[in-house]
Amino acid sequence: MSEAAPAGLAGALPARRLGAALFAMAVGSFAIGTTEFATMGLLPRIAADFGATLPEAGHLVSAYALGVVVGAPLIVLALPRTPRTGMLVGLAVALALGNAFSALAPTMPTVLVARFVAGLPHGAYFGIAAVVAAAISPPQRRGRSVSLVMVGLTVATTLGVPVSTALGQGVGWRAAYWLVTVVALLAAVAIWRWVPPVAVRAGATARRELSALRSPQLWLAVATGAIGFGGMFAVYSYITPTMTDVAGIAESQVPWVLALFGAGMTVGTVLGGRLADRSIFGAIFTGLAAMAVTLALFGAGATGPARAVLLVVFVAVASQFIGPALQTRLLDVSREGPSLGAALHHSALNIGNALGAWVGGVVIAAGYGLLAPAWAGSVLAVAGLGLAVVSWALERRAGAPARFGQAIEPTA
């Protein structure tokens, strides 16, 4: 069945219908966030079930991240002419199948493959959802719409991860993946029902999508996200031992700290979306500068329970200021291939995840202590800010490009 683009592709939906569409896509984001982070809390039980070591079970996290990095560009390039809304439904169903496979896998190697498969739709889903959210929104609220889709991911860290982890601990780790399977299927139904048809651009091809990669500004945006977000992951990757061994928080209280961190991320995403609607670069500069400062403060002052919790929430809020802005920025600088450009955002985030964890591990191994990753993360945030300034300066010299959603040729 062909899909026709709605009249006025760049934003013709009434507010209530727009809200329902964004909510439907956010449910899919919630499922993705839950499956991505819940595995970390279930690693000991998965390892015990298969008689594996904890580091061996940790490969499940890496397998998922690899699926995200690989799947984001490959899926978009393989389906350049697939209507965007229909593609979102298919990606939600693929997410459900990947998690069902994870729940049914009988051996550690098959779970490893299952986690890779479950990660494949992740980046493509967020990329296509960002394209759809921007296309059905008024130009003056693109950033807010993109942020509301991404809120599902941050709400998952507050609600979905604790619930799925408790379920996995009480019933068995496979139950957590069954929960995600159900939520992903609900998202597919909601998208099919509430998200209006959004067609691809006339003449869309894999080659045209790939042409976006010729843009230096696209690579600067990707590098800004990978390096800048790496600062947050340098702390988040080691937050549990930092809270217990440095801040003096009981291990039983760490889930509450993680929930507060997720709440801070949600607040930062919403505020970042509003700021992005005023100024894309303003949101990026503000977010990276705030992250550099809050990470430095965390490194200097997270030595008591109250201060540590307060500062880690500040880090969470600051880290998400730049998410909606970078996602929207990638749409703007890859107008010939917006789906690919938007999908690369989450590839960049997962590179930042790996980079931050690696940098944090290096400074800890060097004997600088558990607060050292925060200082290293602050340096990464400053480096990301430097790249953003370079991008801004180059754009000022060349003249601002047209924004995504302007002069887009919808297909009939």
**OP:** Only residues that are over 16 Å from F229 (Cβ atoms) and not in a helix (DSSP H, G or I): list them for the range 304-340, please.
**Re:** G304, S334, R335, E336, G337
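Name the single residue, out of those in the range 1-20 being at pLDDT 85 or above and not charged (D, E, K, R), that is surrounded by the fewest Cβ atoms within 10 Å (Cβ to Cβ).
Of all residues in the range 1-20, those at pLDDT 85 or above come to 17-20.
Next, from what is left, pick out any that are not charged (D, E, K, R): 18-20.
Values: L18: 22, G19: 14, A20: 16.
The qualifying residue surrounded by the fewest Cβ atoms within 10 Å (Cβ to Cβ) is G19.
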**OP:** Take the range 78-118 and flag every residue that is within 18 Å of G28 (Cα to Cα) and among the β-branched types (V, I, T).
**Re:** T85, V89, V93, V117
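Looking only at the range 341-381, count how many residues are part of a helix (DSSP H, G or I) and among the aromatic types (F, W, Y).
Here is the first cut: in the range 341-381, the residues part of a helix (DSSP H, G or I) are 341-365, 372-381.
Remaining after also requiring among the aromatic types (F, W, Y): 358, 375.
Number of matching residues: 2.
Are any of the residues in the range 353-361 free of Cβ contacts under 8 Å to residues at least 60 places away in the same chain and under 20 Å from the mean Cα position of the chain (by Cα)? Walk me through how you get there before you give the answer.
Within the range 353-361, the subset free of Cβ contacts under 8 Å to residues at least 60 places away in the same chain is 358.
After this cut, where a residue has to be under 20 Å from the mean Cα position of the chain (by Cα) as well, the list is 358.
Yes, that holds for at least one residue.
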Original post:
Does A247 count as at pLDDT below 85 and more than 15 Å from the chain's Cα centre (by Cα)?
Top reply: no
Original post:
So which pairs qualify, if the first residue must be in the range 364-380 and farther than 17 Å from T303 by Cβ and open to solvent by 20 Å² or more (accessible area, probe 1.4 Å), the second must be polar (S, T, N, Q) and in a loop (DSSP other than H, G, I, E, B), the Cβ gap must be under 6 Å, and the two must be at least 6 apart or on different chains?
Top reply: none
**OP:** Any residue in the range 296-318 that's farther than 16 Å from L258 by Cα and hydrophobic (A, V, I, L, M, F, W, C): show its pairings with residues that are in a helix (DSSP H, G or I) and open to solvent by 10 Å² or more (accessible area, probe 1.4 Å) at Cβ separation under 7 Å, as long as the two are six or more apart or on different chains.
**Re:** A296/W375; A296/S378; L297/L311
Original post:
Can you tell me which residues in the range 111-150 are at pLDDT 85 or above and of a type in the set (V, I, T)?
Top reply: V111, V113, V117, I128, V132, I136, V149
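The values are calculated or read from the model by the stated rules, or taken from the named source; none is laboratory data. Quick caveat, the model's predicted, so the values are computed rather than measured. All Cβ positions, even for glycine, are placed from backbone atoms using ideal geometry, and neighbour counts span all protein chains on display. Surface accessibility is based on the protein's heavy atoms, side chains included, excluding ligands, DNA and RNA. Shrake-Rupley method; radii C 1.70, N 1.55, O 1.52, S 1.80 Å.
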